[in-house]
Amino acid sequence: MTDSTLTPEANDTSAKAPAPSRSLYALDDLTKKRNAAEKRFQAYGIAAILIGLLFLVVLAYSIISKGIPAFTRTVVQVEFTITQEQFDAAEKELFKTKAYERFFIGALQGQFEESGLNVPFDAKAIERIVGKTGGTIREYFRANPDKLGEPVAFELAASSRVDGYMNGRVTRETMTDSRFLQASDLDIVDALVETEVIKTVFNWNFITGADSGVDNPGGAGIGASVIGSFFMMLVVLFLSLPIGVAASIYLEEFAPQNRFTDLIEVNISNLAAVPSIVFGILGLAVFIQFMHLPQSAPLVGGLVLTLMTLPTIIISTRASLKAVPPSIRDAALGVGASKMQATFHHVLPLAMPGILTGTIIGLAQALGETAPLLLIGMVGFVARGYPDGFIAGFTEPNSAMPAQIYTWAARADFAFYEKAWGGIIVLLVFLLSMNILAIILRRRFERRW
């Protein structure tokens, strides 16, 4: 006899066997839903990237298509000779520039007759096509008296409306007669194009020249503003980089953790979000009204932009220092290095790529700012030439690229609107150059651990 007896359930051989386990390769409904959600999320991400690229392409096309006309200009090429007797007679007249305009129109009429053009010659129409030419011709012969009596080829800029007609902005259908240009004048323009008297050439003056005032959009250039921005960026670079890096190193590596340093960190983060025009008001009050620094000078603009850029550089530099592994510091301290040696010999070189990136981002942000420059007068001042020297580049009144673009966009003539788009292209080239430089420096100083 056994101590235990089998239960009826145990003796029942007809009981069902356990169900076989499910295969790992079979997809259940929950897994299918999860995979479908993942694919939808990937599709959303790809769609977002494509939409972003689409907007980028549209923006680039708009800037390039509207800005390219600024890099070309329409010129009237005429060769004529002024004798010494004509020059002396013109200088004795009351309206001297009118005399030189007569010389120019007479030479152009001679080219009409030589070419056998069937278009009636109209001196008033020539004035509307070319504008006031007497001053340019007079200044040339005053500066070059040895050219009197010799054939001289002049290349004079056409009016802004003729330039618009040549690049397609103005058409016969859309143009209305005005004191600046009439529909009948376009017949003369077409005739001059056939004889190659009027040509479209590359506008080097736009890159190297200065603003020419509200009445001469064809002669406007952005070169002087580029120089002003360059001197401002020098001030920002040589002030914000050492101050920002030094402050970041102290706060991240040496400063004790207390309420005072916490207050400083919070204020730095808040300053990074302050509108840029507030820094312009601060610069106006401190640097111009209190310190009496020259208004509209790149030095003042650089100081204002330095204040605006410092929070960005400090935050990015601290993030780069924090990204260096603590083991680097511990290893340096373990072999006998001091705290300063560990920071400057080991931590700082490894954080240098991130520091340079943050600095370039801050400089790029400062380069495109317009609001602070409004307050210190760099928009109201029209730069008509280059500074006389290196020191004068900091202290003499000048403009900047974003301020010049703002000024052109605010003017009534549509030709200045094209100049504004062209200025944006120059500004973007400047920014791209700075970013390329940042990439090169990153690769140069980058160290792997």
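The values are calculated or read from the model by the stated rules, or taken from the named source; none is laboratory data. This structure is a prediction, so every number in the text was calculated from the model and none was measured. Here the Cβ is made from the backbone with ideal geometry for all residues, glycine too, and neighbour counts use every protein chain on show.
Points to keep in mind about this one:
- Conditions (1) of a type outside the set (Phe, Trp, Tyr); (2) in contact (Cβ under 8 Å) with a residue 60 or more places away in the chain; (3) loosely packed, with under 15 Cβ neighbours inside 10 Å; (4) in contact with a helix residue (DSSP H, G or I) (Cβ under 7 Å, 6 or more places away or on another chain): number failed by Ala323: (2)
- With respect to being outside the structural domain of Glu114 (by TED's automatic domain parsing), touching a helix residue (DSSP H, G or I) at 6+ places or on another chain (Cβ under 6 Å) and within 30 Å of Phe80 (Cα to Cα), Ala210 fits the description.
- Considering Leu284, Leu263, the condition of being modelled with pLDDT of 85 or more, among the hydrophobic types (A, V, I, L, M, F, W, C) and within 31 Å of the chain's Cα centre (by Cα) is satisfied by Leu284 alone.
- Selection from segment 399-412 of residues that are at pLDDT 85 or above and either under 16 Å from Val236 (Cβ atoms) or among the aliphatic types (A, V, I, L, M) (or both): Ala400, Met401, Pro402, Ala403, Ile405, Ala409
- None of Thr312, Thr357 is within 26 Å of the chain's Cα centre (by Cα), modelled with pLDDT under 85 and of a type in the set (S, T, N, Q) except Thr357.
- Scan of segment 350-376 for residues that are under 28 Å from Lys322 (Cα atoms) and without any contact (Cβ under 8 Å) to a residue 40 or more places away in the chain, ordered by number: Ala351, Gly354
- Qualifying residue in segment 319-340 (condition: among the small types (Gly, Ala, Ser) and touching an Asp or Glu at 6+ places or on another chain (Cβ under 7 Å)): no
- Against the test of being in contact with a Gly (Cβ under 8 Å, 6 or more places away or on another chain), under 29 Å from Phe390 (Cα atoms), among the polar types (S, T, N, Q) and in a helix (DSSP H, G or I), the options Thr309, Thr317 yield a single qualifying residue, Thr309.
- Residue match in segment 381-400 (condition: of a type in the set (S, T, N, Q), within 19 Å of the chain's Cα centre (by Cα), buried (at least 20 other Cβ atoms within 10 Å of the Cβ) and farther than 16 Å from Val245 by Cβ): yes
- For segment 387-402, the count of residues that are touching a helix residue (DSSP H, G or I) at 6+ places or on another chain (Cβ under 7 Å), among the acidic types (Asp, Glu) and more than 24 Å from Gly218 (Cα to Cα) is zero.
- Exactly one residue out of Glu113, Glu101 is out of contact with any Ser or Thr (no Cβ under 8 Å at 6 or more places or on another chain) and not β-branched (Val, Ile, Thr), and it is Glu113.
- In segment 251-293, the residues that are over 17 Å from Val304 (Cβ atoms), surrounded by 14 or more Cβ atoms within 10 Å (Cβ to Cβ) and in contact (Cβ under 8 Å) with a residue 40 or more places away in the chain: Leu251, Glu252, Glu253, Ile268
- For segment 168-204, a residue qualifies if it is surrounded by 13 or more Cβ atoms within 10 Å (Cβ to Cβ), farther than 20 Å from Asp122 by Cβ and out of contact with any strand residue (DSSP E or B) (no Cβ under 7 Å at 6 or more places or on another chain), and exactly one does: Arg169.
- Only one of Gly354, Gly377 that is assigned to a helix (DSSP H, G or I), surrounded by 18 or more Cβ atoms within 10 Å (Cβ to Cβ) and in the same structural domain as Ala272 (by TED's automatic domain parsing): Gly354
- Residues of segment 83-99 classified as in contact with a Leu (Cβ under 6 Å, 6 or more places away or on another chain) and surrounded by 13 or more Cβ atoms within 10 Å (Cβ to Cβ), total: 1
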